[in-house]
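The values are calculated or read from the model by the stated rules, or taken from the named source; none is laboratory data. What you see is a predicted model, and the numbers here were worked out from it, not measured in a lab. Backbone-built Cβ (ideal geometry, glycine too); neighbour counts: all protein chains shown.
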Amino acid sequence: MKRTLTFTCLMALLAIGSPALLAQDKPAGAAKEALPSAESIFDKSIEATGGKDASKKMKNAVLKGSMEMMGMLVELTAYIAEPNLVFSETSIPEMGKVQQGFDGKNAWSYNPMMGPSLLQGKEADAIKNSFSNVLVTDWKTKFSKAETIGVETAEGEECYKVAVTAKDGTQGVNFFSKKSGLLIRTDATAATEMGEMAVQIIFKDYRKVGDLVIPFQVITSTGGMSMPMTYSEIKINVDLPESTFEPPPEVKALLNK
């Protein structure tokens, strides 16, 4: 379960455009209206978050924040860099630091209570895709199909619902504000050691960071729990030494066996 916590935190940080989405049906009897194409909705969202050029210029990011969970305040720092490097560290009261990452070859996790482990399958893929999932501009490489299926209010905003089919066949829906074009909500499934779990992610408090516009509050709901994440700091294109993405000694020992 502690490893699941780390994954959920990282997913909350990086879930924009994630292809692992939960299938949803069109509401029966929904009022019909002329709907824009999914491509035009994505294009508007890309412009609302800074545009294609700004996204392409992002080479790395550092994100720091805190999440409330089960009465605890969990502190998290995550580093991501192109093409797929990731290192996240979650400080959990009375437990210590839980770490997770991908160093270009291996996806791994270290939990002081459970020890080191190497991630495989969907868990590993989710970590490896963290950097690319931040960029909305490459949505066509994530999805084999995208279709506007209706309008629905989400978090007080009238939104277009865009149903997508990922390259692996997974289907789902994203909610984009009709007014601003920003992504308001994503319904997703998280691959964990306990199997796939339904996750709903709400994005709020969009702010400008450099030339990009990024949500500073992300509320993740899964397993009957709501976990609000608030970012204290987000930086892009900073100097990161290669050692940033090295796994801890416990994981290196496991890799050397």
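Miscellaneous remarks
- Some residue of the range 193-200 being farther than 22 Å from Thr77 by Cα, free of Cβ contacts under 8 Å to residues at least 24 places away in the same chain and either hydrophobic (A, V, I, L, M, F, W, C) or assigned to a loop (DSSP other than H, G, I, E, B) (or both): no
- Looking only at the range 152-186, and only at residues there that are under 19 Å from Ala48 (Cβ atoms) and of a type in the set (S, T, N, Q), the one that is nearest to the chain's Cα centre (by Cα): Thr186
- Residue that is nearest to Ser37 (Cα to Cα) [pool: residues in the range 138-176 that are surrounded by fewer than 20 Cβ atoms within 10 Å (Cβ to Cβ) and polar (S, T, N, Q)]: Thr148
- Each residue in the range 24-67 was checked for being modelled with pLDDT under 85 and either crowded, with 17+ Cβ neighbours inside 10 Å or not aliphatic (A, V, I, L, M) (or both), and 7 of them qualify.
- Selected residue (criterion: modelled with the lowest pLDDT) from residues of the range 68-94 that are more than 16 Å from Pro241 (Cα to Cα) and among the small types (Gly, Ala, Ser): Gly71
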